[in-house]
Every structure is written in C-alpha cells, then in structure tokens.
Amino acid sequence: MDSKKIQMPREVHIGADVIDNTGSICKDLRFYGEVLVVTGPNTLKIGADKAIESLENEDFEVDLSKINDATSKTVKKIEDKLNNTSLIVGVGGGKVIDVAKMAATNAGIYFVSVPTAASHDGIASPLASIKNNKGSVSMTAQAPIGVIADTNIIRNAPFRLLSAGCADIVSNYTAIKDWQLANRLQNESYSESAAALSLMTAKLIMKSSKSIKKGLEESARLVVKSLFSSGMAISIAGSSRPASGSEHKFSHALDKIAKKPALHGEQCGVGTIMMMSLHGGDWEVIKNALHDMNAPTNAYELGIDPDDIIEALIMAHKIRPERYTILGDRGLSRDAAKKLAIKTGVI
Ligand SMILES: NC(=O)C1=CN([C@@H]2O[C@H](COP(=O)(O)OP(=O)(O)OC[C@H]3O[C@@H](n4cnc5c(N)ncnc54)[C@H](O)[C@@H]3O)[C@@H](O)[C@H]2O)C=CC1
Ligand SMILES: O=C(CO)COP(=O)(O)O
Ligand SMILES: [Zn+2]
C-alpha cells in the first residue's frame, strides 16, 4: 500500500474574541519577525484590524494586503510582496483564506487561517479553490498550521454566510454517494474513514437544522467545528472527494454561467437537492433541512435565472471530468435537466 500524507493544523482556537490572541498564538507557534496579513475590503474592520493589533503587541512586523478575488493573478500579487515574511495570516471569507493558503504554499512558508465567517469548509483543508482560465476547482495546497475562529465575529456575520456553510456541509451527502458510485463502477480508491467523518458531519448539521440560529454562540461553534471536520475528511482523503461531487460540479458550472453567482455553499445546497434525486435518494429531506437553515432551495432564492440552472445542469459533467459522479460521462440532456429541476421545485 503506498504511503499517504495527512496534513492537519497543529492548533485550532475556537471561541469568543480569540482573534485578540492572534499575536500570542503565532508566537507560541514559534513564529517571529515579518508577518503578512491578507484580508478583504469588508473584513479589514471586522477582523483584520484586531489581528494586526494583536500581532504588533507581540512585536511582529506586520504588512497588510487587501484582495478582491481568488484568482491565480491575485495569488501571484501576494507572493510578490513576500521577502523575509515568515508567516501569512488570512482573515476573511473563503476567497481570502484560499488566496492566503495558496500564496503561502507557493512561497514555502506557513499560513494561519482566521475565518470571519463559517461559510465554507476550506477553513482548515489542505486545498485552495483558485480561479484560473480552466475554472475554479480546488488545488492541492498546505493545510493551515493554525486556525483562529472567533465565534463572536462569526456569529455576528450575516446569517446568510452561516447557512451557506451549513449547506456546503449538507452537500457531503451526494459527494459521498458519488464517491461510492465511482468506487463501484471505476474501482476508484475510497476511504471509509474520510467518508464516515464527512457523513457524520453532514448528519450533525441536518440534525441541528432547526436549532441553528443567527447570533447564537453555540450555532457558530457547531458550524465551525463541522466545517473543520469536513476539512479534516478532505485531508484524510487527500482530495475534496468527501465534500465535492456532482453537486459541486453544478455549482462550479453556475459560477461560469450566472451573471451574479450566489454563495458557494448556497449553490452547492441546491445542487444537492437535485443530485440526491438523481441518486434516487430522499431529496425532500435535504430540501426541508436546507429550508429550516434558511439556505436557498430554488433558483428564485438563489437569485439565479432558471435558464442558468438548466445550462449549469447540462454543463456540470464537463467540470473536472476525471471525477466520476452520477452525472456520468455524458451528463444530463436538456429535457432531463428541465425535468429534474421542475420535479425538485428548483425552477
Ligand atoms: N479550499 C477549500 O477547501 C474550499 C474553498 N471554498 C471556496 O471558498 C469560496 C466561498 O467562500 P465564501 O466565504 O462563501 O465567499 P467569499 O470569500 O466571497 O465571502 C463572501 C462574502 O462574505 C464577506 N464576509 C466574510 N466574513 C464576513 C463577516 N464576518 N461579516 C460580513 N461579511 C463577511 C466577504 O467579505 C465576502 O464579501 C469559494 O471560492 C469556494 O470555492 C469552498 C469550500 C472549500
Ligand atoms: O468546495 C469544496 C468542498 O466543500 C472544494 O470542492 P472543489 O474541489 O470542487 O473545489
Ligand atoms: Zn464546497
């Protein structure tokens, strides 16, 4: 059996106001000297300012970069800023975390993940979804050496972000079904442990769908821990297989087609409803749980044109074609796509 590398963060700090300990946490991780903080325009005041103050209080020399997208060009811009930098700290949503993660990986230095929203399961994963001319599926990167998840910041983020994170975890159901199908039909290697962790995480969120509420510390904590576990399943599998199947292909296709895509997790949630139906599973359970979490369940709630839903369903199998899913090699015909979207109430 060939050897396998499973990369996990060394420290994970979850709690109210932990962002104020960013400096001491980085010091305890044996870092010193120059640190680059990467954030977005919205998250500078929400979290990066506090992280910078904490780092400076521990005598770190801090530089700051604000980014607006997660393209390979932006990653390169961050890399070009690094000289004696020993550490990158990413403070923001999924795009910020991915750019900081990828830039640190390319530069061969460490990265600390400081999510300001529980909106995706890339918080602790060893992957980064960087947009290039081929699209924006995840690429291998380095898992963060540390994660600092401030539940005060996360619980006060727009609830839409928290429910998007829940939907991204619910998508594990069809991701695992696709993985099992690929294992049966193509003998693709399959990790029982990664799949069990991924499914356990999704079941936990489904079970709590009615109790996850805006502003609640315990809701923020539950979703952060679930996103972390989903990222660990990705680490154990060595790919996003446990968390990304046909429903993610649909979401990535929507990112290419829609004039104004919805949040990643929201699109994946709606994709899960339809792909669960294709798998012959109980798609209504998925739909009702997403509804309970205030996550979108149809095109209207996504703010996406119904025609774009159909086009994305028809295109989906072409996204990462080497990853076999229920969509098969030929994907859905236009009629089948329409029938599926109408049957599940997505259009
Ligand atoms: N690397 C990985 O394993 C994974 C990566 N992803 C990637 O993550 C991205 C999706 O992440 P999202 O966070 O949904 O999108 P995003 O990074 O675009 O953030 C969404 C919006 O929320 C704002 N925001 C963040 N925290 C906030 C707060 N506390 N208060 C107010 N606004 C706040 C951001 O400024 C942004 O405007 C996609 O690019 C997706 O491909 C998703 C899953 C896994
Ligand atoms: O979004 C992800 C897991 O939730 C990563 O998936 P991709 O590998 O399809 O980008
Ligand atoms: Zn995802």
- [ ] Report, by residue number, each residue of segment 259-285 that is open to solvent by less than 20 Å² (accessible area, probe 1.4 Å) and outside any helix (DSSP H, G or I).
- [x] ALA262
Open item on the list: Which of the numbered conditions does LYS27 fail, given that it passes all the others? Conditions: (1) open to solvent by 60 Å² or more (accessible area, probe 1.4 Å); (2) touching a strand residue (DSSP E or B) at 6+ places or on another chain (Cβ under 9 Å).
Closed with: (2)
Open item on the list: I'm checking my understanding of the structure. Among residues of segment 311-325 that are surrounded by fewer than 22 Cβ atoms within 10 Å (Cβ to Cβ) and of a type in the set (A, V, I, L, M), which one is farthest from HIS279 (Cα to Cα)?
Closed with: MET315
Task: Residue check, ASP59 open to solvent by 50 Å² or more (accessible area, probe 1.4 Å), within 16 Å of ligand 2 (Cβ to nearest atom) and part of a loop (DSSP other than H, G, I, E, B) - done: no
TODO: Can you give me the number of residues within segment 116-150 that are open to solvent by less than 20 Å² (accessible area, probe 1.4 Å), more than 12 Å from ligand 2 (Cβ to nearest atom) and over 15 Å from ILE234 (Cβ atoms)?
DONE: 8
Open item on the list: It is to be established whether one or more residues within segment 94-115 are at pLDDT below 95, more than 16 Å from ligand 3 (Cβ to nearest atom) and open to solvent by 10 Å² or more (accessible area, probe 1.4 Å).
Closed with: no
Open item on the list: Pairs needed: first member in segment 324-347, touching a residue at least 24 places away in the same chain (Cβ under 8 Å); second member anywhere, exposed (fewer than 13 other Cβ atoms within 10 Å of the Cβ) and in a helix (DSSP H, G or I); C-beta distance under 7 Å; at least 6 residues apart or different chains.
Closed with: TYR324/LEU185; TYR324/GLN186
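The values are calculated or read from the model by the stated rules, or taken from the named source; none is laboratory data. Here the structure is a predicted model, which is why all the values come from computation and not from measurement. Positions of Cβ are backbone-derived with ideal geometry, glycine not excepted, and every protein chain shown enters the neighbour counts. All accessible areas refer to the heavy atoms of the entire protein, side chains included, with ligands and DNA or RNA removed. Shrake-Rupley method; radii C 1.70, N 1.55, O 1.52, S 1.80 Å.
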